[in-house]
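Shown next, in structure tokens, is the structure this report addresses.
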Amino acid sequence: MALNLKNKKHGKDDDLDNRDWPDFVCGGGAAFTNILVTFPAYKVMFRQQLEGIGFPKAVKQVFREGISNLYRGIGPPLIQRGTSLSLMFGSYHKFQRVLSHTFTNVNNGVVNAFAALLSGSVEATLTPLERIQILLSHREFNERFSNTIHVFQEIRLKYGYREYYRGLTPVLLRNGPSNVLFFGLRGPIKDILPESSTDVGNMTNDFVSGAVLGAALSTLFYPINVVKNQMQKQIGGEFTGVVKTFRKVFNERGRSIRRLYYGLPLNFTRALVSWGIINCTYEELKKLMTLYY
């Protein structure tokens, strides 16, 4: 009897491993939880990135605009981040399964890296949502745009569909490599941590491994995000490249590396919490899927 139950459970696990939708659902659920918790911190950090101001001034600026504006612009990140992480986890595991079955003689590390790179490119299709989030978070547009739909309509009618994808290049430069590092390192980092036999201890390990890796990657790719935000805050006009935009930002900030990294401490802290929540929530949702589906 016990053997039958065990075989039944293994069959269920194997079934789950061969289906695509659980990874998409778990990724989306993890993102939704994370955004609700960390959005105010993101808004302060965004102001620091965009305007090159210190933390106290950015906090005062955000709260001076009122509590009603604190969560202004949360719609696009909820949709964008939810869909993005759903695609990140779901498409990675999908590509991983397909590639490993197709290229049986290729090293697993290479297959996983290529799957991660592809999943990052798939995520980049959501650039328009990231673009709208930037515009709604920028104080210059508080009066001009009322909500997400309004921004989408105005851009389409006045500037055309190409305008949605302003800043696509830095998004691609960030997504692919960061996915390769994230999926390649989160397992080994967790293995370094003390082994736990309890659910709470295992959740803690998932949180810590995700937090450490997410914060490190967020710091590594921080300058790319600064450039991306500068590119995406513009509406209409010339589409400037990554190098030209970087030079412009660098010169505007007095050619100071320190000012280029304004917002980094808050970004690091936010990423630490965000990726801890994401990794832990994703793994817990996967366990629930295993139990009930």
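Given the criteria among the aliphatic types (A, V, I, L, M), closer than 14 Å to residue 235 by Cβ, in a helix (DSSP H, G or I) and without any contact (Cβ under 8 Å) to a residue 12 or more places away in the chain, does residue 136 qualify?
no
Please tell me if residue 152 is open to solvent by less than 80 Å² (accessible area, probe 1.4 Å), within 18 Å of residue 73 (Cα to Cα), out of contact with any Ser or Thr (no Cβ under 7 Å at 6 or more places or on another chain) and not in a helix (DSSP H, G or I).
no
When the residues of the range 160-193 are narrowed to those that are free of Cβ contacts under 8 Å to residues at least 40 places away in the same chain, open to solvent by less than 50 Å² (accessible area, probe 1.4 Å) and in a helix (DSSP H, G or I), which ends up farthest from residue 126 (Cα to Cα)?
Within the range 160-193, the match that is farthest from residue 126 (Cα to Cα) is 189.
I'm checking my understanding of the structure. Among residues of the range 234-260 that are touching a Ser or Thr at 6+ places or on another chain (Cβ under 9 Å) and in a loop (DSSP other than H, G, I, E, B), which one is least open to solvent (accessible area, probe 1.4 Å)?
Only one residue tops the list, namely 241.
Under 7 Å between Cβ atoms, at least 6 apart or on separate chains: pull out the pairs that start in the range 214-228 with a residue that is more than 22 Å from residue 190 (Cβ to Cβ) and end on any residue that is outside any helix (DSSP H, G or I).
Filtered contacts from the range 214-228: 222/261; 228/167.
From 209, 196, grab the single residue that is without any contact (Cβ under 8 Å) to a residue 12 or more places away in the chain and either of a type in the set (Gly, Ala, Ser) or under 15 Å from residue 275 (Cα atoms) (or both). First the steps, then the outcome.
Working: 209 fails: without any contact (Cβ under 8 Å) to a residue 12 or more places away in the chain.
After ruling out the rest, the residue left standing is 196.
Residues of the range 48-86 being charged (D, E, K, R), part of a helix (DSSP H, G or I), more than 18 Å from residue 274 (Cβ to Cβ) and touching a residue at least 24 places away in the same chain (Cβ under 8 Å), which ones?
Scanning the range 48-86 gives no hits.
Going by the conditions given, is residue 145 under 30 Å from residue 278 (Cα atoms) and either outside any loop (DSSP other than H, G, I, E, B) or not β-branched (Val, Ile, Thr) (or both)?
Answer is no for this residue.
Provide a single number: the residues in the range 95-128 that are surrounded by fewer than 19 Cβ atoms within 10 Å (Cβ to Cβ) and of a type outside the set (A, V, I, L, M).
13
The values are calculated or read from the model by the stated rules, or taken from the named source; none is laboratory data. As the structure is a computational prediction, the values presented were derived from the model and not from experiment. For neighbour counting, all protein chains shown are included, and Cβ atoms are generated from backbone atoms with ideal geometry for every residue, glycine included. Only protein heavy atoms, including side chains, enter the accessible area calculation; ligands, DNA and RNA are left aside. Shrake-Rupley method; radii C 1.70, N 1.55, O 1.52, S 1.80 Å.
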